[in-house]
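Some notes on the structure that comes next.
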Amino acid sequence: MKLLMAVSGALFVFYVLAHMYGNLKIFAGVEAFDEYAHHLRTMFTPILPFGGFLWLFRIVLVVALVAHAYSAFYLWSRARGARTTRYVAKEAARATVKSTAMRWGGVAILLFLVWHLLQFTIVKFNVGDDVVGTSPGKLVISSFQVWWVVLIYILALVALGMHLWHGVWSATQTLGWAGSARARKRAKLAALVIAFVTSVGFALPPLAILFGIVKGN
Amino acid sequence: MNLTLKIWRQASANARGEMVTYKVSDISPDMSFLEMLDVLNEQLNARGEEPIAFDSDCREGICGMCGLMISGKAHGPEVTTTCQLHMRSFSDGDEITVEPWRADAFPVIKDLVVDRGAFDRIIAAGGFISANTGAAPEAHSVPVPKPKADRAFMAAACIGCGACVAACPNASGMLFMGAKITHLGELPQGQPERDARVVSMVEQHDAEGFGGCTNIGECSAACPKEIPMDVINQLNRDLRHALTRHGD
């Protein structure tokens, strides 16, 4: 069950890194971003139909999400059942926010995911003012000109960063890759770097749009 | 020293327990924590009250019998067992909370005494090692590299006190199990049954109702023998190898 958790989590690490890289395209302008969005659908088109690769990709992600969430809730309920009488006094010696908030942080990220998909994939509603039409790039620009949308994203990215920081290191431990002191140090450093790069990389486009650095035209 | 103690009292396994407040006075800073409880019990005896039940055996920090949650920390504020914790680690006038290990796999028998039989069953599930029990073999016939011998010895320092489970937010027994797996896994004598051992022990661990590990690290911080988290890594690695590469 924990191996399932680690492997499905690792898939997401690669996915968020690719997703973040794609988002940075907005800095190259709306057209480049639109071309990128279109390219995701035409990838491998002689072999697969239009959007085919994207759908295969989505199916893999959904399977990983179900596996990750299922194993999380299974392990959560087992941990709850393992101590039904709580301590009157309990002090943490080494637990940190990032390690103890994995479960509630995960739930927060899941809720954010629902909002994020509704906003940019399924409904594509526009909270900004101008009419957008079919350009994904323009939808992104007008959405992130609204301050509370940016705030939601920043909060979600803080949660994601902490989840990755502990999660990446924890996965190496669960897979048995952090055996020596050096390997452990490397794993912790890698976790920090991945968490930092991901949250900052994702946060740059919304912030740049909010502060008018990227205008869209 | 004068102290206020809040101690968990529970008449039997099925009785409802509660925290009861006691005051002790004229405690020497050189007393061990258990000697301080002995003094309190003498007072309770003199008053005709039921003394507080707690476990202890060697009182030298090597048997793993004593184990109390002292003001929210397993074995109290020092890196040692409860019996080797001295009252000089506290200050005059302190209020100290004393609770038994809390884990459903360690049911309370009475007051501060819990049944750690689950650990024994995990060890039993690990089974035997194939060793010649006839004439002692020539010591040099089975070479053991020094780093492996050191690591096995480090892991073998586990006394099975249960502090790792008590401190773990998930009440997981992974540090204990990891220590046992590493201890035998590093030595040539542990190799023939290495795969079967890790699978059976983990199955027993889960059946006893311990939680899963989320790599928080409270166990290692509470361990009186300072067993590091990498034994959990070893346990996971051995389990993965047993289930995938050599699996049946």
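Using only side-chain charges placed at the Cβ, +1 for Lys and Arg and -1 for Asp and Glu, the dipole size of chain B relative to its Cα centre rounds to 640 debye. For the pair residue B:57 and residue A:31, a Förster radius of 60 Å applied to the C-beta separation gives a FRET efficiency near 0.20, rounded to the nearest 0.05.
Between the alpha-carbon centres of the stretch A:1-70 and the stretch B:47-106 there is a gap of 53 Å. Suppose R0 equals 30 Å; then what is the FRET efficiency for residue B:153 and residue B:128 from their Cβ-Cβ distance, rounded to the nearest 0.05? According to the calculation, E is roughly 0.90.
Taking 0.36 nm per residue of separation and subtracting the Cα-Cα distance, full extension of the segment from residue A:123 to residue A:65 would add 18.8 nm. DSSP finds beta bridges in the protein assembly as shown, and of those with both partners inside it, around 75 percent are antiparallel.
Between the helical axis of B:117-126 and the longest alpha-carbon principal axis of chain B there is an angle of about 10 degrees.
Could you calculate the FRET efficiency of residue A:74 with residue A:189 from 1/(1 + (r/R0)^6), where r is the beta carbon distance between them and R0 is 30 Å, rounded to 0.05? E between residue A:74 and residue A:189, to the nearest 0.05, is 0.50. Between residue B:91 and residue B:78, the modelled labels are 1.8 nm apart [label points 7 Å from Cα along Cα→Cβ]. In a simple Cβ point-charge model (Lys, Arg +1; Asp, Glu -1; nothing else charged), the stretch A:2-210 has a dipole of about 1380 debye relative to its Cα centre. Axis of helix B:174-185 versus longest Cα principal axis of chain B: the two differ by about 40°, to the nearest ten degrees. Remark: the stretch B:134-248 carries a charge dipole of roughly 260 debye about the Cα centre, counting +1 on each Lys and Arg Cβ and -1 on each Asp and Glu Cβ. Within the listed set B:81, B:133, B:182, the residue fluctuating most in the Gaussian network model of chain B (springs between alpha-carbon atoms under 10 angstrom) is B:133.
Stretching residue A:196 away from residue A:208 to a fully extended chain increases their span by 2.5 nm, per 0.36 nm per residue minus the current alpha-carbon distance. Distance from a point 7 Å along Cα→Cβ of residue B:203 to each backbone N in the stretch A:1-33: keep the residues under 17 Å and list them by number. Residues A:1 qualify, since their backbone N sits under 17 Å from the label point.
Looking at the stretch B:3-110, the DSSP beta bridges with both ends there are about 75 percent antiparallel.
You can think of it this way: the chain between residue A:180 and residue A:88 has 29.5 nm of extra reach, that is 0.36 nm per residue less the Cα-Cα gap. Sorting B:214, B:244 from the fewest to the most surrounding beta carbons within 10 angstrom yields B:244, B:214. Net charge of the neighbourhood of residue B:20, taken over other residues with C-beta under 14 Å away and scored Lys/Arg +1, Asp/Glu -1, is 0. Who wins for biggest fluctuation among A:45, A:84, A:198 in a Gaussian network model of chain A, springs between alpha carbons below 10 Å? So, out of A:45, A:84, A:198, the one fluctuating most is A:84. Annotation: amide H-H contacts under 5 Å for residue B:172 (H modelled 1.01 Å from N, sequence separation of 5 or more, or interchain): B:211.
Taking other Cβ atoms within 10 Å as a rough exposure proxy, A:118, B:5 sort from fewest to most as A:118, B:5. Quick check: from the Cα gyration tensor, does the stretch B:111-248 come out rounded (a/c under 1.5), prolate or oblate? Note, shape of the stretch B:111-248 comes out prolate.
With chain A treated as a Gaussian network of Cα nodes joined by springs under 10 Å, which of A:105, A:179, A:137 yields the largest mean-square fluctuation? In this elastic network of chain A, the residue with the biggest mean-square fluctuation among A:105, A:179, A:137 is A:179. Cβ-to-Cβ counts within 10 Å put B:138, B:203, B:99 in ascending order as B:138, B:203, B:99, the fewest first. Using a simple spin-label model with pseudo-atoms 7 Å out from Cα toward Cβ, residue A:42 and residue A:57 lie 1.5 nm apart.
Over all directions, the projected convex hull of the C-alpha atoms in the protein assembly as shown averages 30.2 nm² in area.
A short reminder: the numbers here are calculations on the coordinates, not readings from a lab. Note that the structure is predicted; figures quoted are calculated from it, not measured. Here the Cβ is made from the backbone with ideal geometry for all residues, glycine too, and neighbour counts use every protein chain on show.
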